[in-house]
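Here the structure is laid out as structure tokens; the discussion comes afterwards.
The values are calculated or read from the model by the stated rules, or taken from the named source; none is laboratory data. Everything numeric here is computed off the predicted structure, so don't read it as measured data. FYI the Cβ positions are ideal-geometry reconstructions off the backbone, even for glycines, and counts take in every protein chain you see.
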Amino acid sequence: MHGWMGQILRVDLTAKTWRREAFTEEFAHTWIGGRGFAVKLLYDELLPGIDPLGPENKLVVAVGPISGISAPNTGKTVVAAKSPMTGGYGDGNLGTRVTEKLRKAGYDALIIEGRAEAPTLLYIDDEKVEFLPADEIWGKGTYETNDWIYARYGKGAGVLNIGQAGENLVRYAVIRSMEGRAGGRPGMGAVMGSKLLKAIVVKGSRPIPQAFPAEMKVLGRDDLRAVHALDQKSGWSKQGTTGVLPWCNEVAALPVDNFRRTHHPEAWKVDGERLEAATVAVYGCPNCTMQCGIAMHDDRGRESELDYENMGLLGPNLGLFDIAQVATLNYMCDDYGIDTISGGGVLGFYADAVARGAAPGSLRFGDFKGFEAVLTAIAHRDGEVGDILAEGTLRAARAFGHGSEEYAMQCKGLEVSAYNCKFIPGMALAFGVSPIGAHHKESWIISYEIQQTPRESYGRDKAQKVVDLQRIRGGLFEAIVSCRFPWIEEGWGLEHYPKYFNAVTGLEWQLEDFWPSSDRIYALIKLFWLREFPDTDRKADYPPHAWFDPANADTEGPIAGKILEYDKYDSLLQHYYDIRGYDRRGIPTRETLERLGLAAEARAAEAFAALS
Ligand code: PTT
Ligand code: SF4
């Protein structure tokens, strides 16, 4: 089999054993890699109802057929497990040297089971797999941990690690890698922590088997240059994702004060231009042609790498407009290994709950020192409030009560990213139907919606666009596993990806050949959720209540007095279900499942809930 290493490494931390398992060509062609492999493995192997933070949960690290090859931006890896945040399927995607090293060690995926007896570093080097003590780094932040690992294994090693938040089972702890990479928003770092797994270090030296290596070498070299040239022309990587902040502010889509407001006159103080002016270093994932990891000094002189999500949620969403302070909270999230989106969402929610008298404490929007203290308490689960907030917004709202769930900005238990959709129906739908809880990564429809459609429309075209984008972003890119930014930010055509795929696998797929696997992945993720929540219905695909609450409408600015409407949203959701072939509860119909080759999986799901 070309294109895949053909092996999965299964590691049992409890028994300290490991074994290699071969997979079939049919498995590879059906699930492709990355998220496809992850959801299939987790669906088949996890019993419904298990504790995501118990030894029964499994962490899957999976790459795809084009991951790690010499082509634009292929340094990405998927990390997945049952999510401690949502209780459903969870995953994330991060740039790391593990991508290439895991393949060169001979694997397309890693399944980590059980729970170690003591803090452990898992070391993989070609044939070798070792369970090493990690006591020296347990309790340390991700930066110190990374340095410790580099000092022992060299800078070229692939590293995934967690900080104190993962160790302390903060439900939105992420996995970190390299200087500024982070992934696994729905608590993948907490899953590592629950297994007492501090770090994974991977080295490998085998070639990645390719059907047409000479052809791929030329193609890869030319395309790396071509995407880099596009970036030089566009200047995108000078500000990276943070360039979008002024636009969000202008169109009233910025989260301000726990999403209460949508724009702010001081937003310019924390935008991409300010970051560009303060840049001290630029980092990127392996094989990147357009590095977007732009770092500046925080207010203590430490390098902090900022993205739009981090700026928006740790800045305006907390009423903070000093970019060095935002960089400080961002540095803390990175070092503790806390997801910046959920971290910013939780802090904003808490300040809001205090202001409305629902939660104890004195934290106020704009109180930088207060946010620093609360973030530290969360990472260590210090005190009652730190412990409650470490559970995420939804659980915290339930603990605080007093109606605070009404302004908990989350879907399915995962905090929404930095797009305030009070009056952006299509983007609100994208959050609602994101398969891992609120995340913009699946379908960033917002710019198309605001620039090319009537904003107030709830038309079927918006639901179609959400599906189209999900197929590309959450299906294609998460399965072949490659960064999607060349396509999004530099207009690098999608037709390039089947070329890479065919050159390494020897297959002759066109772009449209990827859509069935993409739909299959989404349908199986739905079945995963259904098994966990048999009573689920369409309400699970609704965005936060605050976006429908007339009392929460802006009082001035471009969307003054406007807010989403429940009945219209519901019809938009129905369009989405119709296009996807899902029933009125949002479950793929039997016919859809059979069409996607999921009859066996459907039978397994049927034991838990009736399919229509
Ligand atoms: C991603 C989510 C994002 S999405 C951001 S900023 W973004 C936040 N980054 C965090 C961070 O940083 N530190 C931290 N402690 N927590 C963070 N949480 C947030 O995590 C990321 C880039 C970005 S930057 C985006 S959009 C694109 N995402 C891709 C994706 O999802 N798939 C894909 N095939 N390609 C992508 N390319 C881009 O990658 P999650 P990274 Mg991240 C510091 O993981 O869980 O998916 O959440 O991976 O290597 O850092 O690159 O405006
Ligand atoms: Fe990584 Fe950014 Fe480059 Fe994508 S564009 S590969 S996220 S550095």
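Summary table below
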item: Residue match in the stretch 158-167 (condition: assigned to a strand (DSSP E or B), away from ligand 2 (no atom under 16 Å from the Cβ), outside the structural domain of THR393 (by TED's automatic domain parsing) and not basic (Lys, Arg)); result: yes
item: Enumeration of residues in the stretch 282-325 that are more than 21 Å from the chain's Cα centre (by Cα), more than 12 Å from ligand 2 (Cβ to nearest atom) and aliphatic (A, V, I, L, M); result: MET296, LEU318, LEU320, ILE323, ALA324
item: Spans of strands (runs of 3 or more DSSP E) in the stretch 277-369 with at least 2 residues touching a Leu at 6+ places or on another chain (Cβ under 7 Å) and either buried (at least 24 other Cβ atoms within 10 Å of the Cβ) or not assigned by TED's automatic domain parsing to the domain that holds GLU167 (or both); result: 293-297
item: Residues located in the stretch 71-123, provided they are of a type in the set (D, E, K, R), within 15 Å of ligand 2 (Cβ to nearest atom) and assigned to a helix (DSSP H, G or I); result: GLU100
item: Any hit, the stretch 254-269, residues being within 16 Å of ligand 2 (Cβ to nearest atom), of a type outside the set (D, E, K, R) and in the same structural domain as ASP335 (by TED's automatic domain parsing); result: no
item: Residues (charged (D, E, K, R) and either outside any loop (DSSP other than H, G, I, E, B) or near ligand 1 (Cβ under 7 Å from one of its atoms) (or both)) located in the stretch 181-202; result: ARG181, ARG185, LYS198
item: Close pairs from the stretch 271-287: first closer than 14 Å to THR241 by Cβ, partner away from ligand 1 (no atom under 13 Å from the Cβ) and of a type in the set (S, T, N, Q), Cβ under 9 Å, at least 6 apart; result: ASP271/ASN249
item: Residue within the stretch 86-97 that is among the aliphatic types (A, V, I, L, M) and more than 15 Å from ligand 1 (Cβ to nearest atom) present; result: no
item: Condition met for GLU273 (in a helix (DSSP H, G or I), acidic (Asp, Glu), farther than 30 Å from SER67 by Cβ and away from ligand 1 (no atom under 16 Å from the Cβ)); result: yes
item: Pairs with Cβ under 6 Å, 6+ apart, first in the stretch 341-358 and free of Cβ contacts under 8 Å to residues at least 24 places away in the same chain, second among the hydrophobic types (A, V, I, L, M, F, W, C) and more than 16 Å from ligand 1 (Cβ to nearest atom); result: VAL354/LEU363
item: Residue tally, condition within 16 Å of ligand 2 (Cβ to nearest atom), among the hydroxyl-bearing types (Ser, Thr, Tyr) and either surrounded by fewer than 20 Cβ atoms within 10 Å (Cβ to Cβ) or assigned to a loop (DSSP other than H, G, I, E, B) (or both), over the stretch 204-238; result: 1
item: ILE480 away from ligand 1 (no atom under 14 Å from the Cβ) and not charged (D, E, K, R); result: no
item: Any hit, the stretch 374-385, residues being of a type in the set (Ser, Thr, Tyr), away from ligand 2 (no atom under 16 Å from the Cβ) and surrounded by fewer than 17 Cβ atoms within 10 Å (Cβ to Cβ); result: yes
item: Output for the stretch 403-440, where each listed residue is farther than 13 Å from PRO186 by Cα and in contact with a Gly (Cβ under 7 Å, 6 or more places away or on another chain); result: MET409, ALA418
item: Filter result for SER518 (farther than 30 Å from LYS238 by Cβ, within 16 Å of ligand 1 (Cβ to nearest atom) and not aliphatic (A, V, I, L, M)); result: yes
item: Test: residue in the stretch 185-203 that is surrounded by fewer than 19 Cβ atoms within 10 Å (Cβ to Cβ) and under 18 Å from ARG97 (Cβ atoms); result: no
item: Scope the stretch 59-89; condition under 14 Å from GLY187 (Cβ atoms) and charged (D, E, K, R); matching residues; result: LYS82
item: Residue satisfying condition, being without any contact (Cβ under 8 Å) to a residue 40 or more places away in the chain, over 22 Å from the mean Cα position of the chain (by Cα) and assigned to a helix (DSSP H, G or I), within set TYR577, TYR569; result: TYR577
item: Residues (closer than 30 Å to GLU495 by Cα and assigned to a loop (DSSP other than H, G, I, E, B)) located in the stretch 239-263; result: GLN239
item: Complete set of residues in the stretch 59-91 that are surrounded by fewer than 24 Cβ atoms within 10 Å (Cβ to Cβ) and over 16 Å from ARG206 (Cα atoms); result: GLY87
item: Which numbered condition TRP268 misses (of (1) of a type in the set (Phe, Trp, Tyr); (2) touching a Gly at 6+ places or on another chain (Cβ under 9 Å); (3) assigned to a helix (DSSP H, G or I)); result: (2)
item: GLY337 more than 13 Å from ligand 2 (Cβ to nearest atom), modelled with pLDDT of 95 or more, under 23 Å from the mean Cα position of the chain (by Cα) and on the phi > 0 side of the Ramachandran plot; result: yes
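Rundown of residues vs (1) surrounded by 20 or more Cβ atoms within 10 Å (Cβ to Cβ); (2) part of a helix (DSSP H, G or I); (3) among the charged types (D, E, K, R); (4) more than 15 Å from the chain's Cα centre (by Cα), yes/no style:
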site	(1), (2), (3), (4)
ARG395	no, yes, yes, yes
GLU406	no, yes, yes, yes
SER417	yes, no, no, no
ASN420	yes, no, no, yes
